[in-house]
Structures are given as C-alpha cells and as structure tokens.
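Student: Input: one structure, supplied below.
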Amino acid sequence: MSSDSPDKSALYSLDLSDVEWLGAPGSDPHDRVEIARLPHGAVAMRNAACPEDPPLRYTAAEWKAFTLGVRDGEFDV
C-alpha cells in the first residue's frame, strides 16, 4: 500500500462526526445508503435508516473496485 493511502485501521480511527453524508438525490432518506468522502480518496458508507450504526470504510482502491463492479453489472441480480 502506498504511503499516501491510509490502511484500514487508520480509516477506522478517523472521527466522522463532522463529515458530510451524501445520498442519491431524490431518494428516500430512510431507504438508502449514504457515503462520506474521506482523506486520500477513501470513503465511508452507512445505512441512512440506522445512522447510529458504525459505517463501513473503504480505501480508495477498494472503493474504485466496487464502483467499477457496479458499472460493469457485477452485482446485478
């Protein structure tokens, strides 16, 4: 892992109390996931219906792999 990319323990030690959570425009706030952008391209993701639950955190590489998979239909049912 490059020195400018935080490892997972560093991501989980970040204080997220002041991050801006983003959801899809027009989506129901109680039926969506939200993301927050973190340093170095990392991302946190939470269930908007349960904002008190700990959010998942992804490195930039993990987030890129996920979004590419979504675009390629990898998760289509």
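The values are calculated or read from the model by the stated rules, or taken from the named source; none is laboratory data. All values derive from a computational prediction rather than experimental measurement. Heads up, the Cβs are rebuilt from the backbone with ideal geometry, glycines too, and the neighbour counts pull from every protein chain shown. Accessible surface areas use protein heavy atoms only, side chains included; no ligands, DNA or RNA. Shrake-Rupley method; radii C 1.70, N 1.55, O 1.52, S 1.80 Å.
Student: Answer with one residue from Met45, Leu14, Ala61: the one whose Cα lies farthest towards the positive end of the charge dipole of the chain, charges on Cβ with Lys, Arg +1 and Asp, Glu -1.
Tutor: It is Ala61, whose Cα lies furthest towards the positive end.
Student: To continue, here is another question. Write down the accessible area per residue of the chain in Å², having rolled a 1.4 Å probe over the full set of protein chains. Could you put the intermediate results ahead of the total?
Tutor: Details: 5480 Å² over 77 residues.
Result: 71 Å² of accessible area for each residue.
Student: Over the Cα atoms of the chain, what Rg and Dmax result, in angstrom?
Tutor: 13.3, 38
Student: Could you order Tyr58, Tyr12 so the one with the most accessible surface comes first? Probe is 1.4 Å. Numbers along the way, then the final one.
Tutor: Details: Tyr58 55, Tyr12 110 Å².
Final ranking, largest accessible area leading: Tyr12, Tyr58.
Student: Considering only protein heavy atoms and a probe of 1.4 Å, how much of the accessible area of the chain is carbon and sulfur, as a whole percent? Please list the in-between numbers first.
Tutor: Numbers: 2990 of 5480 Å².
Using a 1.4 Å probe with all protein chains present, the chain comes out at 55 percent carbon and sulfur.
Student: In whole Hz, with x marking every Gly and Pro, tabulate ³J(HN,Hα) for segment 69-75 from phi via Karplus 6.51 cos²θ - 1.76 cosθ + 1.60, θ = phi - 60°.
Tutor: So the J values, rounded to whole Hz, are x, 4, 4, 7, x, 4, 10.
Student: Give me, ordered by chain and number, the residues 5 or more places off Arg32 or on other chains with an amide H under 5 Å from its own placed amide H.
Tutor: Placed amide hydrogens put Ala48, Ala49 under 5 Å from Arg32.
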